Amino acid sequence: MQSSETLKPGIFNVGLFLNYAVNSLPYYENAAGSRTNFTDRLTSVDVNAGVGLMRNWDFGISIPQVLSQQVDDGTGTRGEFATNGVTEVRLNTKYRFFGDDAGGAAVLLSTGFNMIQDNPFTGRGAGPTTNLELAVDTTLRRFALGANAGYRLRSKGEKIAGSIADPLGSQWIASAAASYHFPGLSTKLITEVFGGFPAESSNAYGDRSLTSFEWLLGIKHDITTQLAVHTGGGTELIQGNASPDWRLYAGLNYSFGPIENDSHPAKQSPTPQVSYLETVPT
């Protein structure tokens, strides 16, 4: 989930998030037509970094990677990662065209480059996946509300021989989030719903729908004005592709860099600020 807020010029933000998901891989019926029973567990990490380039404009990079995966039942046919390691390199940029400290609107553009050879979800020779989104948010006293909506354009490749389903197609994507601030505790309670539905027809992946939505609930605690810790969990609302039965996550965000020199003292920020919505992992 993204807010409309951008990093101030010269401010850097780095984040590390650990995700643990259960029952997120698709399964398929075997030759006898019976369901293959198994439980899978997937541990992954997201490394993120961003920098404010100009007022209302920032740039970032995200590198998700699989640390480990485990499937209890090795029989039947199922989808899983062939190896551990980096799955994608994703570049992103955001421009805020309206708003102030109480909220606003921004346009976001991100492009992901698949790093998995012969990935059945993208196809052989696939190009990048590009997201174009609109982010809006507002603050009402201790409450903050935000929403994203956009389109995910997949440059899918050819179907890999032996793969059961076609490469995934383009999607409409959306998310909504809210937080409540406990100022005495330097803590925010955050909830979010996010997902997508197909913009083009494609063969489904086993038991998994091409439409997916997931719900998260977590907290963000500011250890200092520059360092924040996150933790929480979630579950699928629709059993869609890559949506786990449940998920746990934990992470850290650290911001640093020169404070923007503003000629209006009332507008100066004494410390780097990071929006709560930018640090919720999706």
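Here, each number is a calculation from the coordinates, and none is a lab measurement. Every value quoted in this text rests on a predicted model; they were computed, and no experiment measured them. Ideal geometry is used to build each Cβ from the backbone, glycine not excepted, and the neighbour counts take in all protein chains shown.
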Phi to ³J(HN,Hα) by Karplus 6.51 cos²θ - 1.76 cosθ + 1.60 over segment 115-131, Hz, x for Gly, Pro:
10, 9, 6, 6, 6, x, 6, 10, x, 6, x, 5, x, x, 9, 10, 10
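Let me check I've understood the local charge: for G233, count other residues with C-beta under 13 angstrom from its C-beta, Lys and Arg +1, Asp and Glu -1. What total comes out? Write down the numbers at each step before the final one.
Working: positive: R247; negative: E192, E214, E236, D245.
Every neighbour counted, the sum reads -3.
Report the FRET efficiency, 1/(1 + (r/R0)^6), for D118 and T225, where r is their Cβ-Cβ distance and R0 is 35 Å, rounded to 0.05. Write out the running numbers ahead of the final one.
Values: r = 46 Å, r/R0 = 1.32.
With R0 = 35 Å, the Cβ-Cβ based efficiency is 0.15.
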Computed FRET efficiency, Cβ-Cβ of R141 and T93, R0 45 Å: what is it to the nearest 0.05?
0.90
